[in-house]
């Protein structure tokens, strides 16, 4: 039987109310397996700033990245010890960037939330978690924000 060892765990966060529900689980996994945690936030300009001109998109993306870094640092201090966590923000489509990060950093497990959208909302808004699950080369642990405690 293969030994399961999660040395590097990626916690992809949305910096919404869902994030505070997901982080305790990532922390538990991290402590249990003595894993290095990677907190990743993807700035998704395509959905957030459709009406801005390209020059302004650069400014907006820089500001959003800086704001996200500050929030991630605060969350890292709250849930993890300093020497076990890496913080990263990237710009792009969330599923694509998460998959790239998994490969680039040799991640062993992904922990992320899902908003639990169904029906027409899922059709129009899509599901980042579903896309990551389908494309990931490693296990993905998801938590439904409507049910996670």
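Here is how the numbers come out for the structure above:
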{"read-out": "Enumeration of residues in segment 4-18 that are crowded, with 22+ Cβ neighbours inside 10 Å and within 16 Å of residue 68 (Cβ to Cβ)", "value": "10, 11, 12, 13"}
{"read-out": "In segment 102-128, residue nearest to residue 13 (Cα to Cα) [restricted to those that are in a loop (DSSP other than H, G, I, E, B) and modelled with pLDDT of 60 or more]", "value": "115"}
{"read-out": "All positions within segment 2-20 that are in a strand (DSSP E or B) and out of contact with any helix residue (DSSP H, G or I) (no Cβ under 9 Å at 6 or more places or on another chain)", "value": "8"}
{"read-out": "Given (1) closer than 22 Å to residue 17 by Cα; (2) modelled with pLDDT under 95, index of the condition residue 134 fails", "value": "(1)"}
{"read-out": "Residue check for residue 147: surrounded by fewer than 17 Cβ atoms within 10 Å (Cβ to Cβ), modelled with pLDDT under 70 and part of a helix (DSSP H, G or I)", "value": "no"}
{"read-out": "Complete set of residues in segment 74-101 that are in a helix (DSSP H, G or I), in contact with a strand residue (DSSP E or B) (Cβ under 6 Å, 6 or more places away or on another chain) and closer than 17 Å to residue 14 by Cα", "value": "76, 94, 97, 98, 101"}
{"read-out": "Filter result (over 10 Å from the mean Cα position of the chain (by Cα) and either at pLDDT below 95 or closer than 19 Å to residue 131 by Cβ (or both)) within segment 8-22", "value": "16, 17, 18, 20, 21"}
{"read-out": "Number of positions in segment 61-72 that are farther than 17 Å from residue 9 by Cα and in contact (Cβ under 8 Å) with a residue 12 or more places away in the chain", "value": "6"}
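The values are calculated or read from the model by the stated rules, or taken from the named source; none is laboratory data. Here the structure is a predicted model, which is why all the values come from computation and not from measurement. Note: ideal-geometry Cβ built from the backbone for every residue, glycine included; neighbour counts use all protein chains shown.
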